[in-house]
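Accompanying notes for the structure given below.
The values are calculated or read from the model by the stated rules, or taken from the named source; none is laboratory data. As the structure is a computational prediction, the values presented were derived from the model and not from experiment. Backbone-built Cβ (ideal geometry, glycine too); neighbour counts: all protein chains shown. The area values use the complete protein model at the heavy-atom level, side chains included, leaving out ligands, DNA and RNA. Shrake-Rupley method; radii C 1.70, N 1.55, O 1.52, S 1.80 Å.
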Amino acid sequence: MFLKDYIGTVYKSSKSLLKGMKLTGYYFSHPKKILTEEYPDNRATLKMADRFRGEVVMPHDENNEHRCTGCQACEIACPNGTIKIITKQELQPDGKKKKAIDTFVYHLELCTMCNLCVVACPSDAIAMAQTFEHSVYDKKQLKKTLNKPGSKIMEGVE
Amino acid sequence: MSLLGAPEVTEDGEFIINIGPQHPSTHGVLHLKVWLDGEMIKKVQPHLGYIHRSIEKMSESLSYRNFIFATSRMDYLSAHINNEACALTVEKGLQIEAPPRAQVIRIIMAELTRLSSHQLWWGCTGLDLGAVSPFFFAFREREAIMEIMEETCGARLTQNYMVPGGVMYDIHPNFQNRVKTVLKQIKENFKEYDQLLTGNVIFEGRTKGVGYLSPEDAISYGCTGPTARGSGVSCDIRKWFPYDGYEKVQFEEILGTGGDCYSRYMVRMAEMKQSVYIIEQLIDNIPEGDFQAKTKNVIKLPKGEFYQRVETARGELGVYIVSDGAASPYRIKYRSPNFSNLSALEHMATGAKIGDLVAIMATIDLVIPDVDR
Amino acid sequence: MTNEELKVSVSALYPAITFDETGEFLNAISSVAEFRSVMKTLRHNKELEFDFLFCLTCIDWKTHLMMVYHLMSKTHKHVLVLKVKLDDTKDPQIESVADIWKTAIFHEREVFDLFGVNFKNHPDMRRILLDESWDGFPLRKNYVDENMISI
Amino acid sequence: MDISTIVFYLIAITILGSGIMAVTSRKIFRSAIYLLFSLVGIAGLYFYLNYEFIAAVQIVVYVGGIVVLILFSVFLTSGSGEDMKKPHLGRALFSGLAAAFGCGLTMTFINHQDFISSGKPALDPSAENIGFQMLSTTEHGYILPFEVVSMLLLAAMIGCIVIAIKIKVPAHAILPETKRYHDDIDVPETIAVLEHNESIVKQS
Amino acid sequence: MSLILDIGFAPFASGVHNWVYGMFGNTTIAMIVEMVIAGLSLLVFLVPLCFFLGYMERKVAAFMQMRLGPNRVGPHGSLQIVADTVKLLLKEGLTPDGSDKFLFNLAPIIVVITSMLVLAPIAFAKNFQIWDMSIGVLYVSSISSISVIGILMAGWSSYNKYSLLGAMRSGAQIVSYELSIGLSLISIVILTGSLRMSDIVMSQQNGWWLFKGHIPVIISFVIFIVASTAEINRAPFDLAEAEQELTAGFHTEYSGMKFAMFLLAEYINLFVVSAIAATLFLGGWMPFHIGSWEAFNHIMDFVPSSLWFMGKTFLIIFIIMWFRWTFPRLRVDQLLNLEWKYLLPISMVNILLVTVMAIMGWHF
Amino acid sequence: MAETEKMIFPAQLHQTADGGIVVSKLDDIINWARSNSLWPLVFGTSCCAIEMMSAADAKYDWSRFGFEVARATPRQADLIIVAGTIVMKMAPVLKRLYDQMPDPKYVIAMGACTISGGPFFYNTYSVVKGVDHVIPVDVYIPGCPPRPEALLHAMITLQEKIKNETYFGPSKTIEK
């Protein structure tokens, strides 16, 4: 019957609409359900997951020593040329010459945080840091040198 | 761009508008040239290439370990599954198989990816049809999944977790617990999804009978994934050509019968439940063992051609590697699901209205970088 | 149908086709002249009925171009890879299959765009991914671009 | 000259000025907008006379109805964005003469009419009274004009529809497979979770 | 407090009136001055009101979507809209090449002026009304029909196809929904027997029409809310500016101050339709009374009438916002279907019911 | 970046005998308004757009800063967040979009692709190597894609930059 169908349609549609309004109304009246984390205010407590890949860093110990031998495995492993290692020949105490890094150039602006360099590194010299606040006004500042000035390779790392 | 200048009218009194390349409903940079008669669409012509990044060319100069990362940027919503496809192809060439633990991890990750992708799709469908709130409801669960991804893989979106021979590193100790909590949350919240959109009379009106695609056309246009399954075409690669141990898990291939936007919507909604079901079967049964098979440092595939098909959240992804025996592929072709799905858009949208075009695009679930590669 | 049976039934119809079974799928190599009729038969023959063209691409082997069509039958669940060798690399030409499988409309445009293969009788033969004014075919091995930086 | 005179002249200038602009403007859309101002000005005149009901009706009918209809038909006319052609001199001259004649005629009548005030009390222009008068058949009843006017409006509406209807596109110009799916398609039960056919799972 | 407010408005208004007329011997000048004062105070009232509505909209949206909403600009984010407004005013105003510059710049002004004109007959508090004209309801519906012309003008003159499509949609939409708005207003007019706003409010002294009018009035209330949501182009009926379809519809090309005017008009319209609904169906400034429960009624009377009015208005504003943040948008043909197939027939039948009810005197 | 204290209004209370008056510079108010009302253009080309959407969602909620009014038309936007790779075919469109925006307008380059071509810097024929070849960029965020928090950080950094502008005359330069 036409009239019955008509009223049925109106009833059903109104019901479905009210159902949706009930849901939004529920969340409106339950402010405790709010999920927002207030980013710049929670910086003190904000902790990234330990595997989170923010940028490549080269850990140095307290003697300003790192573990990088300059083998360039990471440079080869990097899919998009983010890492450039400039090596030099260093004179050892015993008179032999040995390859060592001069500058470890890291282009943060190219990096995709794919972790392939860290996996490739045979001596665990580089790692992924959890920092993420890298915004800058000038693109040039994104080109970084990872080895600190005057740093040396750690004893016993081959 | 959207601002197009003078009203331009063809001789038949049709009105040409250009939707995109920057337009909220194109989900990225797709350009649609639309011939209109009033509100009615006479013809749609997609113009692609606004995000053509030459991944195929680039991959030809990368090693077999390195080319995988770029595929995360193709269909970034199924980044895991894309990576998995590449890893599987390389494994096929090397004639090795990932260890059982890695396989199970891969399936769980792939299904989590599918879930998060479908959730994003659900939110964006709501957004495209003018309802803003579903977006936030969908992202609630998606964020929970993203956190799991971040904890285990180290990145939220482009994880690069799959490597030839297995996965990059073992799962995080919290992984199983967190997945279980999230699954519970998701299952509860499915009700809210239905309350907000599925049963809504406006939503039904916007999608039912809109954008009809017959099964024959779906096959002919090469549509795959939920787009084809919405028309009742069985095409789930996980069933047809199981990989990574999908043959051992139980799930159903969801087939719709309507062939319209609503049917595609319902297929995706049901698929989410299937994904939850798959993960539930596996999450407590991750076998012990290696997470990576031993591979050489420099991978070289033997001369030949290797084709691997996987089911991403949007359909069938084919990775076709032609190797000449060198350390990098001679030719790589990605048969991306969106490229074929998009080609059916013209057929579906002809005769519809502008509002329907938005609904159709939303339910095909286009990811434009996957179209353009 | 298994690969063996496929081989038998296809070669019964087209004896000139050669086969290659090294890969996962059965590879059939056809000639340009026969190509269109082979494709029509593959699609419409009741026993073969390859209704799903799931991949269409091209490989540049420097001396020649190789068109590769991955075909599958949804009803009979078998896969066949059909290849066609195009010797003319200057102006390669082949018949379009866009009227047999509609998905070829886009895929052939892509191959035209990136390899420069000209498909005869294609309804809309334009570049699809690159600008109309783009010079050269990027996926060819001899493509040079001064903007491209190599590692 | 007190303020009400000033207001009257301001309204009059608006009406006349925008009327002239409506006639002389070479853009059809602008003409319609000037016509709108002219009509709003007339409504203002009614407000000024405290005939609020008439003023409101003026706005509802002319502004909300007629002008919107005109604007819509302008929208539907192709090429309406361009300037119209300059009118022929003869035509302009004739129109001017016609207007002047009409004006003169009215002036003559008004000037020669002695407005004698009748003894009857003025009709109260309240909404209630107007309503009664409009639908009554007694003296000062307006049921007949009311119906005639509504017939006229109906005719105007049909005319508009006829103008707006497009000439049918010849059959060959219709694109193949152009179907409208969303109007009348009968959507079957849309979702079915099918038991998966085991035969299509590759044996492995 | 209540005494001050309640007694305050009306004597204040008449005080100003007397002062002005005493100040200027010439009544015409006094009238102009009074009008200017009324206009200025309306502006002073409207601008903060629109700020608040904008803020309310964002917060309502945020809470419905499990987020916080603006909270960093000003205390609890309350100055957010101020910042937005200042920014929009200082932004470069572009007029696109090829547009009809005169109409392009005129359109936002027309839209704002018409929406402000509708405020005239609304009774904000007891005895506090700008112009209590005898045809209040008719005036409202007639003036609000002009606003469509501003939108049509904006869409036409922008020289942009999206704008044009948006304007055409909006035209069809507003013209058709005006019918059911009119019909639902008439049902109250029938019951009251007057078009005058103050009469309508007074007729609800012993109960609001929503309660004493039984089901027919509830139906017309629902129809009025739905149709007026459509009339002011808000979601789910915001087809004229449907972002996902037409980028920004009729105001695609507007920037800076002119865009701010469209926003202003949108919020004034929102306030106006809610105020009218509150006046007609919820008794305007009339306090809530229950039959002859004197104690309760007395307490209710103690709340100032302006608060009653504002409370009711904001309740309806909240409902309209609630719609916006819950529903998907309708398609253009569904929009017209809803009006012509559902709202209009129902309200026509409803009018009959109301008439029968009024004749038989079945209402309280 | 300076600590992001919540600035209620850029003014000082000048104490007088009976109460006080609020004193402020016009520049401060203008910059306050502009920096707190950055309406982004809906513009995302690839993966970074998803993280941009994440920044809008309930967990990160950029509406707290008043950024949520994402406009689809450039006429009403103040800011382009270029989220994703820009290829040769897209570059002129982006330029045109930028030109269509009314002044003052700002650009954030989000993600490696946008800053420099990122993963697609080498061996690609169609990628623009840095969006700064097309339009001027105010803030760069590296990352592929950057976290939503990183985007919020960039927007706060941009706010800092805006706060140092002057309405009349040249803007001060600040180091970062």
Residue C:64 accessible area, nearest 10 Å², 1.4 Å probe?
30 Å²
Probe 1.4 Å - accessible area at residue F:25, Å² to nearest ten
130 Å²
Once you put a point 7 Å from the Cα of residue D:95 and another 7 Å from the Cα of residue B:170, both along the Cβ direction, what distance in nm separates them?
9.1 nm
Choice from A:88, A:140, A:33 with maximal GNM fluctuation in chain A (Cα, 10 Å cutoff):
A:33
Partners for residue E:312 among lysines (Cα-Cα distance below 28 Å; same-chain residues under 8 apart left out):
A:15, A:19, A:22, A:32, A:33, E:59, E:126, E:212
With 21 Å as the limit, write out which pairs from B:57/C:62; C:90/C:141; C:77/C:120; B:180/B:239 have Cα-Cα distances beyond it, or answer none.
C:77/C:120; B:180/B:239
Residue (of B:255, B:107, B:118) at the positive-pole extreme of segment B:55-372, dipole from beta-carbon charges
B:107
Could you please put C:76, B:27 in sequence from largest to smallest accessible area, using a 1.4 Å probe?
C:76, B:27
Which ³J(HN,Hα) values in Hz, rounded to whole numbers, follow from the phi angles of segment E:321-335 under the Karplus curve 6.51 cos²θ - 1.76 cosθ + 1.60, where θ = phi - 60° and Gly and Pro get x?
5, 4, 3, 4, 8, 10, 9, x, 7, 7, 7, 5, 6, 5, 4
Sorted by accessible area with a 1.4 angstrom probe, largest first, how do E:50, D:103 fall?
D:103, E:50
Which value, in debye to the nearest 20, gives the size of the charge dipole of the protein assembly as shown about its Cα centre, when Lys and Arg are +1 and Asp and Glu are -1 at the Cβ?
1080 debye
Compute the length gained on full extension between residue E:37 and residue E:292: take 0.36 nm times their separation in residues and subtract their Cα-Cα distance, giving the result in nm to one decimal.
87.7 nm
Under the rule a/c < 1.5 gives rounded, and otherwise a/b versus b/c splits prolate from oblate, where does segment D:1-116 land using the Cα gyration tensor?
oblate
Partner lysines for residue D:86 [C-alpha distance under 16 Å; skip if fewer than 8 residues away on the same chain]:
D:27
Mind checking the dipole of segment A:11-120: about its Cα centre, +1 per Lys or Arg Cβ, -1 per Asp or Glu Cβ, Debye to the nearest 20?
980 debye
Taking Cα atoms, the helix C:32-44 axis meets the longest principal axis of chain C at an angle in degrees (rounded to 10) of 50 degrees
Label point at residue E:318 placed 7 Å out along Cα→Cβ; residues across segment E:43-81 whose backbone nitrogen lies under 19 Å
E:49-70, E:78
Under DSSP H, which helices of chain B have Cα atoms covering 27 Å or more of the helix axis and a Kyte-Doolittle average no less than -1.0?
B:100-128, B:133-153, B:261-283
Please give the solvent-accessible surface of residue C:105 in Å², to the nearest 10, using a probe radius of 1.4 Å with every protein chain present.
40 Å²
Assign unit charges at the C-beta atoms only (+1 for Lys and Arg, -1 for Asp and Glu), then state the dipole size of chain E relative to its Cα centre in Debye, rounded to the nearest 20.
520 debye
With the charge dipole of the protein assembly as shown built from beta-carbon charges (+1 for Lys and Arg, -1 for Asp and Glu) about the Cα centre, the Cα from E:167, E:351, B:339 projecting farthest to the positive end belongs to B:339
All lysines inside 26 Å of residue A:97 as judged from Cα atoms, apart from same-chain residues fewer than 8 positions distant
A:84, A:88, A:148, A:152
From the Cα gyration tensor of the protein assembly as shown, with a ≥ b ≥ c the square roots of its eigenvalues, which class applies: rounded if a/c is under 1.5, or else prolate if a/b is larger than b/c, or else oblate?
prolate
Mean-square fluctuation maximum in Gaussian network of chain B, Cα pairs under 10 Å, restricted to B:168, B:348, B:58, hits B:58
Spin-label model distance (nm) - residue A:47 vs residue E:212, 7 Å beyond Cα toward Cβ
6.6 nm
Which angle between 0 and 90 degrees, to the nearest 10, do you get for helix A:2-28 versus the longest principal axis of chain A when only C-alpha atoms count?
40 degrees
Counting only residues 5 or more places away or on other chains, whose amide H sits under 5 Å from the amide H of residue B:36 once H atoms are built in the peptide plane?
B:15, B:16, B:17, B:42
What ranking of B:194, B:290 comes out by heavy-atom accessible area, probe 1.4 Å, highest first?
B:290, B:194
So, with points 7 Å from each Cα along the Cβ direction, the residue B:189-residue A:94 label distance in nm works out to 6.2 nm
For residue D:148 and residue D:69, FRET efficiency with R0 = 22 Å and r from the beta-carbon atoms, rounded to 0.05?
0.65
On the formula 1/(1 + (r/R0)^6), with r taken between the Cβ atoms of residue D:129 and residue C:124 and R0 of 60 Å, the FRET efficiency rounded to 0.05 is 0.30
Specify whether the C-alpha gyration tensor of segment F:37-162 places it in the rounded, prolate or oblate class, a ≥ b ≥ c being the square roots of the eigenvalues: rounded for a/c under 1.5, otherwise prolate if a/b is larger than b/c and oblate if not.
oblate
Ranking D:156, D:35, D:146 by how far each Cα lies towards the positive end of the charge dipole of the protein assembly as shown (+1 on Lys and Arg Cβ, -1 on Asp and Glu Cβ), the top one is D:35
Most fluctuating of A:81, A:20, A:95 in the GNM of chain A (C-alpha, under 10 Å) is A:20
